[in-house]
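Enquirer: The structure follows.
The numbers here are math on the coordinates, done by the rules we state, and not lab data. No experiment lies behind these values; they were computed from the predicted model shown. Note that we place each Cβ from the backbone using ideal geometry, even for glycine, and neighbour counts take in every protein chain shown.
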Amino acid sequence: MVQAPGHLPDLDSSYRDIAPSNCSAVWRSETCGRPRRRSALIGAKPQELTVLMPDSLCDQTQGSRARDPGVAMSELDDFLTPTLARQTEAEQALVNGDPGPRLAMTSTNDPVTVFGAKVPVRRGWDEVSDTLRWLAARWSGSTEYRFDLLAADVSGDLAYMIGFEHIANSVVGIPVEPYTLRVTHIFRREDGEWKIAHRHADYVPIDQTLPRHALTMKT
């Protein structure tokens, strides 16, 4: 597997192993010289999450601070601080068989969609909520859920997060097995609360290298 470039003290070896070789821009332990960390409480076990943001976001927030100090980063902090912890708790409950917190965090308004790793496309609250309940009924015995955030941003009442989910649980009663998903969540602010309006998840390709012809293509 391809190793992520550079020194990554905040990431464990499994995360580095699945990192694409071309993501040096986002694999940083600091943003604008400041570490970006969040903590989430999973049951009785505190779990530290490292927030990594790309250079483009660093440049964006630096420019915004020159005009209105702290506004851009404050908006992102206001989104991430409650939402990341709540999402982590909801996903942890889901992979352990409880869909309640994840349902509560999902928008009931259209459009709401899911592109699941092992389920067909789902549209609308009825299909999405039924899918979450179906998944929860298949999952149990979770021993790990960890979300490594790669990037996030906010624009008005829309926001997104991308990252890797590290999961270990039992599926339909088989022994617990670990796996990793790369995921995108799109959030919509509804009545002052951030709700998940879209989820896209798939398995991380074993081979993270680009095809040879792609490396020579002109853009």
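Each row is one residue, and each column tells you yes or no for (1) free of Cβ contacts under 8 Å to residues at least 12 places away in the same chain; (2) out of contact with any Phe, Trp or Tyr (no Cβ under 6 Å at 6 or more places or on another chain); (3) surrounded by 18 or more Cβ atoms within 10 Å (Cβ to Cβ).
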residue: V114; (1), (2), (3): no, yes, yes
residue: E144; (1), (2), (3): no, yes, no
residue: P175; (1), (2), (3): yes, yes, no
residue: P178; (1), (2), (3): no, yes, no
residue: A201; (1), (2), (3): no, yes, no
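Enquirer: When you scan segment 121-129, do you find a residue that is within 19 Å of D110 (Cβ to Cβ) and assigned to a loop (DSSP other than H, G, I, E, B), even just one?
Expert: Yes - at least one qualifying residue is present in segment 121-129.
Enquirer: In addition: Output the number of the condition that D126 fails; it satisfies all remaining conditions of (1) acidic (D, E); (2) closer than 22 Å to P205 by Cα; (3) without any contact (Cβ under 8 Å) to a residue 60 or more places away in the chain.
Expert: Here D126 meets the rest and fails (2).
Enquirer: Let me ask something else. Could you tell me whether any residue of segment 136-157 is assigned to a helix (DSSP H, G or I) and under 11 Å from V95 (Cβ atoms)?
Expert: Checked segment 136-157: at least one residue is assigned to a helix (DSSP H, G or I) and under 11 Å from V95 (Cβ atoms).
Enquirer: Inside segment 159-215, can you point out the residues that are in contact with a strand residue (DSSP E or B) (Cβ under 9 Å, 6 or more places away or on another chain) and among the basic types (K, R)?
Expert: Within segment 159-215, R182, R188, R189, K195, R199 qualify.
Enquirer: Identify the residue in segment 76-102 that is surrounded by 18 or more Cβ atoms within 10 Å (Cβ to Cβ) and hydrophobic (A, V, I, L, M, F, W, C) and, among all such residues, is farthest from G141 (Cα to Cα).
Expert: Filtering first and then ranking leaves L76.
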